[in-house]
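The values are calculated or read from the model by the stated rules, or taken from the named source; none is laboratory data. Here the structure is a predicted model, which is why all the values come from computation and not from measurement. Note that each Cβ is placed from the backbone with ideal geometry, even for glycine, and that neighbours are counted across all protein chains shown.
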Amino acid sequence: MSKKTRHSKGEAVPHGPHPSSSAWAAAAAGFEAKSPGSTAAYRAARPVAGPGLVVVLPGRPFDLAAVDPEAPRDADKPAAQTALAVERARIQSFQERLYAEHRRSLLVVLQAIDTGGKDGTIRHVFEGVNPQGCQVWSFKTPSREELDHDFLWRYHHHTPGRGMIGVFNRSHYEDVLIARVKGLVPEPVWSQRYDLINDFERLLTLSGTTILKFFLHISRDEQKSRLESRLQDPSKRWKFDPSDLAEREAWDDYQAAFQDALTRCATEHAPWYVIPANQKWFRNLVVARTIADTLEAMNPRFPDPPEGLDGVMVPD
């Protein structure tokens, strides 16, 4: 993979063979000494960028169209698949520590246009993770009860508790994406939601939740190919919904909505990461590596055992 990648209005920096160990060695020691509610501590628990990981810089315009959805030319599929197994093992190891420590949590947010690969990312990245310490929530059309509350209510209810990894398959961003594109609420309503989302994510961060937000970026041609694949493969036809074709007609509107959400909700405490996702194997590796790096930066520790265990004998 390339040593350095740079996209317009976004930034990626070198990512060596052992990125988090070297990049966060100094930060990790100070991180443990800080309280779980420290904004500075959670700002430190961020992975460095690498090939394929485009960081949306807070406070600066972001041009989504300038990000290439293809994997770097020198990316190697067999090597990426081997590396994915390593990253999954890292996630499994750190998840066990996070669960045992029971002080903090991690929220992974996945957003993409239809066929963008949210389900596949979850399936491949979190394979082997203990389900006792990881919960996945998929947000569909709001129920009547959910509509009777503020728009963030149903999401807040499912944020991860201490020791947990939570995964949002779609998320609170649907209320500035589909609600905007389909005109479910008027512009004066959805336009105020960006600031409310930023406040919501800041609250979670101050409460001990590290937030990772991934936008899985595919091209229009790739979406067409994936929709055709669903039609042609009997085992995938159940995934095809005729409404997907109507949604595809709104491609440009969705791209504009995604770009605004990325620009307006990229913050120091909850940055956005754009992942080139045309190649699923590359997407899986980049997401897994970033989650593993973040968990390593958080540096969860097993709690100290009770005193006096050295002399304990287990009876026959």
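Tell me, which residue of the stretch 135-184 that is outside any strand (DSSP E or B), of a type in the set (G, A, S) and at negative phi is surrounded by the fewest Cβ atoms within 10 Å (Cβ to Cβ)?
S143
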**OP:** Given the conditions (1) in a helix (DSSP H, G or I); (2) over 24 Å from the mean Cα position of the chain (by Cα); (3) under 30 Å from Y99 (Cβ atoms); (4) acidic (D, E), report the number of the one that D304 does not fulfil.
**Re:** (1)
Original post:
Taking the stretch 221-233 only, how many residues are part of a loop (DSSP other than H, G, I, E, B) and touching a Leu at 6+ places or on another chain (Cβ under 9 Å)?
Top reply: 0
**OP:** Determine which single condition S21 fails, assuming it passes every other condition in (1) surrounded by fewer than 21 Cβ atoms within 10 Å (Cβ to Cβ); (2) out of contact with any helix residue (DSSP H, G or I) (no Cβ under 8 Å at 6 or more places or on another chain); (3) of a type in the set (G, A, S); (4) modelled with pLDDT under 95.
**Re:** (2)
**OP:** Please give the number of the condition T210 fails out of (1) more than 16 Å from the chain's Cα centre (by Cα); (2) at pLDDT 95 or above; (3) more than 19 Å from K118 (Cβ to Cβ); (4) of a type outside the set (D, E).
**Re:** (1)
Original post:
Out of curiosity, is A112 closer than 30 Å to D241 by Cα and either small (G, A, S) or modelled with pLDDT under 95 (or both)?
Top reply: yes
**OP:** Could you check V55 against (1) outside any helix (DSSP H, G or I); (2) surrounded by fewer than 17 Cβ atoms within 10 Å (Cβ to Cβ); (3) modelled with pLDDT under 95 and say which number it fails?
**Re:** (2)
Subject >> Within the stretch 234-259, considering residues that are surrounded by fewer than 18 Cβ atoms within 10 Å (Cβ to Cβ) and of a type in the set (D, E), the one nearest to Q223 (Cα to Cα) >> reply: D244
**OP:** Can you work out which of the residues in the stretch 267-301 that are assigned to a loop (DSSP other than H, G, I, E, B) and among the charged types (D, E, K, R) is farthest from the chain's Cα centre (by Cα)?
**Re:** R301
Subject >> Of all residues making up the stretch 234-266, the number that are among the hydrophobic types (A, V, I, L, M, F, W, C), free of Cβ contacts under 8 Å to residues at least 40 places away in the same chain and assigned to a loop (DSSP other than H, G, I, E, B) >> reply: 1
Original post:
Does the stretch 256-267 contain at least one residue that is more than 30 Å from H102 (Cα to Cα) and touching a Gly at 6+ places or on another chain (Cβ under 6 Å)?
Top reply: no
**OP:** Exactly one condition in (1) surrounded by 15 or more Cβ atoms within 10 Å (Cβ to Cβ); (2) modelled with pLDDT of 95 or more; (3) over 19 Å from the mean Cα position of the chain (by Cα) is not met by A28; state its number.
**Re:** (2)
